[in-house]
Every structure is written in structure tokens, then in C-alpha cells.
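For reference, the structure I am asking about is given below.
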Amino acid sequence: MIEIKDITKSYGEGDAAFQALKGVTFTIEDGEFVAIMGPSGSGKSTLMHILGCLDTPTSGTYLLDGKDVSTFDDERLADIRKDKIGFVFQSFNLLPRTSVLRNVMLPLVYAGVGEKEREERATKALHAAGLTELHFQHKSNQISGGQIQRVAIARALVNDPTLILADEPTGNLDTKTGEIVLGTFQKLNKEHGRTVILITHEHDVAAHAERIITLRDGLIVSDSKKHARKHARHVHD
């Protein structure tokens, strides 16, 4: 699904130039659950913006579903974001005095989808994110933080994206609620086959993914898969 090759990203010019990414290369297969982690200043936010087609690299290539999106202009990048990527942010970004169902339907309004289909797709996305119809008509300021984040996940799912990109999605949640939200991502990955990329600076959060890519000072310092040996033995048997 994703092929990143020799990606660099620089800001500023001359003596004031800062290189946030210094030649990053990796691939992510369809259906993987990957955490990208690193401390502040490691380059993970810059990489997240490039993966989410919110920014373009200074050099290198980014293939998403076989398309070299690193060469796309702003309009084509906007189309990729609309059609292929579902975003989940730390700050939720929901409309507070609007119902849960309408918050999830909103991207479909912009996409020109008819009202009946909007409601059907929003309902399906909310169920996939682990919410019951009991909450559909509640306003987003009337439900818990964990439920709000699951509404945000449903909104990310409603356009049936190829990729879910979650940026510090538990940053505003307590530990117990964060575990519930991370369990939702695991379920979406395992039961619904969604490709999930989780951006975090916390080891405990990254541990929920099947693979962890660690950045430091703009470079990948480790790329490890969980259960790799167990899987290999199983296949051998």
C-alpha cells in the first residue's frame, strides 16, 4: 500500500535550513497496523503530514496504492485525502452542538452523497467504531471522551478510506479510556482489515500495534514486528 523511498524534508534556506527528515525508507503492506513513534523533534509529525498528503517531501518518492503522490499538486493531494485517508486527531475536531450521527455524516455532505445513503454509511461506521444507536442522537458535548474519540474514528471511516492515520489519538484521554480507543483500532485492523498508522511518542500506546517504526533525529533507528518469530514457526509447522 505504502512505499516511502529516501524521503527528506527541509524547512528554511541557507544557514537557517533545518532537515526534519534525512532519508527515510520503508514499506507498509495493506492491512498492517503500524505505530510510528519517537520523541519530540524526531520527525514523526513531519512524516505524518507527508503520509497524510498534508505536505510533500523535499526529495524522495511516496507511493500510495501505486501512485506517486509526492509529485501531486495541492488539488490532487486534497482528492487523495478525501478518497483514501481517514484522519483521527488528538483534539477530536467534532462540532459540539451537533448530534453524533450528523458529525459522522458531515464529510459525506461535502462529497455530495444523498441523505439516505449518508445516514446508512454513518450508521455502519459508528457500529464499526463500537458505538450503539443509543448514542447516535446525543450531541458530542453530551458523551464521554472515549465515546467522542470513537465518533471521530467513525467519521474517519465514513468515506471508506484505504488508510486510517491516527495522530496521538489518546493524548487527551485517561489511561483506561485510551485503552478502549486503542482496542477499537485493533478491532478495525483485525476484524475489518483496515490499514492503521498510529503516530505516538508513548511506548505503551505503540505497543498496541503489530509493528513499530522508531524515528530519532529524522532517521529510522528501528523497525520491528511483534510476533514475527511466532508467525514464522506457525507457518513452518
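The values are calculated or read from the model by the stated rules, or taken from the named source; none is laboratory data. Keep in mind that what you see is a predicted model, and the values were worked out from it rather than measured. Heads up, the Cβs are rebuilt from the backbone with ideal geometry, glycines too, and the neighbour counts pull from every protein chain shown.
If only one of Asn141, Asn103 is surrounded by 21 or more Cβ atoms within 10 Å (Cβ to Cβ), touching a residue at least 12 places away in the same chain (Cβ under 8 Å) and either assigned to a helix (DSSP H, G or I) or of a type in the set (Lys, Arg) (or both), which one is it?
Result: Asn103 is the single residue among Asn141, Asn103 that is surrounded by 21 or more Cβ atoms within 10 Å (Cβ to Cβ), touching a residue at least 12 places away in the same chain (Cβ under 8 Å) and either assigned to a helix (DSSP H, G or I) or of a type in the set (Lys, Arg) (or both).
Can you go through Thr56, Thr27 and tell me which one is free of Cβ contacts under 8 Å to residues at least 24 places away in the same chain and under 28 Å from Glu75 (Cβ atoms)?
Thr56
Confirm whether Leu165 is modelled with pLDDT of 90 or more and either touching a helix residue (DSSP H, G or I) at 6+ places or on another chain (Cβ under 8 Å) or among the aromatic types (Phe, Trp, Tyr) (or both).
Yes: the conditions hold for Leu165.
Exactly one of (1) charged (D, E, K, R); (2) without any contact (Cβ under 8 Å) to a residue 40 or more places away in the chain; (3) more than 24 Å from Leu173 (Cα to Cα); (4) surrounded by 15 or more Cβ atoms within 10 Å (Cβ to Cβ) is unmet by Asp74. Its number?
(4)
Looking at region 108-123, which of its residues are assigned to a helix (DSSP H, G or I) and closer than 25 Å to Ala78 by Cβ?
Selection gives Leu108, Val109, Tyr110, Glu115, Glu117, Arg118, Arg121, Ala122.
Can you list the strands (runs of 3 or more DSSP E) found entirely within region 1-79 that contain at least 1 residues being charged (D, E, K, R)?
Of the strands (runs of 3 or more DSSP E) lying wholly inside region 1-79, those with at least 1 residues that are charged (D, E, K, R) span 2-11, 18-28.
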